[in-house]
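Structure record follows, encoded as C-alpha cells.
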Amino acid sequence: MPDTADLSDERSRASRPLPKAGIMDIHAYVPGKAKAEGVENPIKLSANENILGSSPKAREAYVAAADSMHMYPDPRASILRTAIAEKFRLEPERLIFGCGSDEVFAILQQAYLEPGDNIVQGEYGFAAYAIGAHAQQAEVRMAKEPGYRIDVDEVLKCVDERTRIVFIANPGNPTGTWIPFSEVRRLHEALPPSVILVLDGAYGEFALDPQFDDGLDLARTASNVVVTHTFSKLHGLAALRVGWGYAPSEIIAAMDRIRLPFNTTIAAQRAAVAALEDEDFQKRSIDFVEQWRPWLSQQLGGLGLDVVLPSAANFLLVGFPKEPGRTAVEAEAFLASKGLLVRGVSNYGLPDHIRITIGLEEHNRAVIDALAEFLRR
Ligand SMILES: *Cc1c(COP(=O)(O)O)cnc(C)c1O
C-alpha cells in the first residue's frame with residue numbers, strides 16, 4: 001500500500017475523483033443466488049432464510065404500518081427496544097438497532113477502527129466483517145479453523161497490539177459449527193480488555209445444546225463484549241433489515257454518535273415486535289430445522305458426501321470430491337439446472353463445498369434426488 005501522504009497527493013492531482021486507499025480492493029459481498037437460468041420458480045436454499053416464511057402476526061403488523069408510510073420512524077426504535085429488553089431481561093439503553101445486524105457491525109467498525117488497526121475472525125468467517133474492516137482501512141486477520149470450527153487458541157495467536165475487534169459467529173456461517181460457552185469464556189478471559197469481542201448470534205436460536213450460550217449473560221457484566229442478533233433468520237424478516245446489538249454503555253454511546261437516526265423503518269420495528277411475540281412460529285421454525293437437518297445430513301452422508309458436522313444452524317456445509325465431473329462447482333450448477341439454488345462458498349475459501357439451507361420436505365428430497373443423479377452420471 002502506498003503511504004497515505006503519497007496517495008493523498010496522487011488523489012489531489014487525479015483527473016477524476018479517486019476513492020481512498022483499499023476501497024477498490026474490497027471484494028463486494030456475494031449474495032446467495034436468487035435466479036436460475038431457464039427455470040421459472042427456483043427453490044432458494046442459498047441464503048439461510050426461514051423456509052416457513054414469517055410469522056402471520058409480523059405480516060399483519062407490516063401491512064398495518066402502511067398507514068404510517070409518510071412518517072419518519074422512531075429513531076430510538078422504542079417499541080422494539082422495550083420488547084427486546086423485556087424478553088431478554090436487558091437494560092434498554094444498552095441496545096442498538098441496525099439495518100440488519102450487518103449495520104451494527106459496520107457502525108462498531110466505524111467507531112473503533114483506524115487505518116492500521118486489525119480485526120480477527122475465523123478463516124471461514126462471515127464476509128460482512130471483512131468488508132466493514134477494509135472500509136476503515138483496517139487489516140483482517142484470519143484465524144485457522146481446523147475441522148471447520150473456531151479454535152480459540154488460533155484466534156488468540158492472531159491478536160496483537162493493533163487488534164481492536166474479534167468477531168465470532170456462533171454458530172458460524174458458512175460452516176454451521178459452534179463452540180461451547182466454556183470456550184467463549186476462555187477466549188474472553190485471554191483477550192486484552194482493550195479488544196472488543198463480538199458474538200454474532202445470527203443462528204444462535206437454532207443452537208439447542210445446553211453447552212451453547214449466545215453470550216448475553218457474559219455481556220451483562222463484561223466491559224468489552226457485544227452480542228448481536230437478527231430478525232433475518234429465525235424470524236424470517238430478512239427483507240425488513242432489522243438486527244440488534246447489546247453492548248456496554250460506553251460502546252453504545254460511541255456507536256450512537258454515528259448511527260444514522262432513521263436506520264430501522266416503522267414497518268420493520270413493528271413487524272419485529274410482533275415476530276418476537278409469536279413464540280409459536282419460532283418454535284415451529286426451530287422444530288422444523290431440528291427434524292430435517294439430521295435427515296438431510298444422513299442422506300448426504302449416504303451419497304458419500306462429506307457433511308461438516310455438527311451443524312447447529314438452519315443449513316449444512318457439504319464437501320465434494322475434487323475429481324472433474326463431481327466437484328462442488330459442478331454440483332451447484334447441476335442443482336441450479338433443476339431449479340435448486342444452493343450457495344457456492346469459494347469466496348469463503350471453500351471451493352470444494354456448497355452450503356444448503358434446510359428446505360421444506362419436498363425441497364430436501366429434491367436436493368437428495370438431484371445429487372444422487374449428479375453423482376451417478
Ligand atoms: C445472516 C447473517 C447475519 C445477519 O445479517 P442481517 O444483516 O441481520 O440480515 C449476521 N451474521 C451472520 C453470520 C449471518 O449469516
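Listed here are the residues, each with its yes/no results for (1) among the charged types (D, E, K, R); (2) assigned by the TED database to the domain that holds residue 227; (3) touching a Leu at 6+ places or on another chain (Cβ under 7 Å).
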| site | (1), (2), (3) |
| --- | --- |
| 124 | no, yes, yes |
| 140 | no, yes, no |
| 147 | no, yes, no |
| 161 | yes, yes, no |
| 169 | no, yes, no |
| 176 | no, yes, yes |
| 189 | yes, yes, no |
### Task
For residue 288, indicate whether it is within 29 Å of residue 364 (Cα to Cα) and buried (at least 23 other Cβ atoms within 10 Å of the Cβ).
no
### Summary
The number of residues in region 247-284 that are within 27 Å of residue 56 (Cα to Cα) and not polar (S, T, N, Q) is 18
### Summary
Being in the same structural domain as residue 196 (by the TED database), touching a Gly at 6+ places or on another chain (Cβ under 8 Å), within 11 Å of the ligand (Cβ to nearest atom) and among the aliphatic types (A, V, I, L, M) narrows 227, 242 down to just 242
### Task
Answer yes or no: is there a residue in region 23-36 that is under 30 Å from residue 137 (Cβ atoms), away from the ligand (no atom under 16 Å from the Cβ) and either surrounded by fewer than 10 Cβ atoms within 10 Å (Cβ to Cβ) or without any contact (Cβ under 8 Å) to a residue 24 or more places away in the chain (or both).
yes
### Query
Can you name every residue in region 89-107 that is under 21 Å from residue 203 (Cα atoms) and out of contact with any helix residue (DSSP H, G or I) (no Cβ under 6 Å at 6 or more places or on another chain)?
89, 90, 97, 99, 100, 101, 103, 104
### Task
Taking the residues in region 312-328 that are in a loop (DSSP other than H, G, I, E, B) and under 21 Å from the mean Cα position of the chain (by Cα) as candidates, determine which candidate is surrounded by the fewest Cβ atoms within 10 Å (Cβ to Cβ).
312
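Would you check if there is a residue in region 101-114 being buried (at least 18 other Cβ atoms within 10 Å of the Cβ), touching a residue at least 40 places away in the same chain (Cβ under 8 Å) and in contact with a His (Cβ under 8 Å, 6 or more places away or on another chain)?
yes
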### Task
Please work out if residue 205 is assigned by the TED database to the domain that holds residue 129, within 16 Å of the ligand (Cβ to nearest atom) and surrounded by fewer than 22 Cβ atoms within 10 Å (Cβ to Cβ).
yes
### Query
Right, residue 155: away from the ligand (no atom under 14 Å from the Cβ) and in the same structural domain as residue 179 (by the TED database) or not?
yes
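The values are calculated or read from the model by the stated rules, or taken from the named source; none is laboratory data. Just so it is clear, the structure is predicted and the values come from calculations on it, not from any experiment. So basically every Cβ, Gly included, is an ideal-geometry build from the backbone, and we count neighbours across all protein chains shown.
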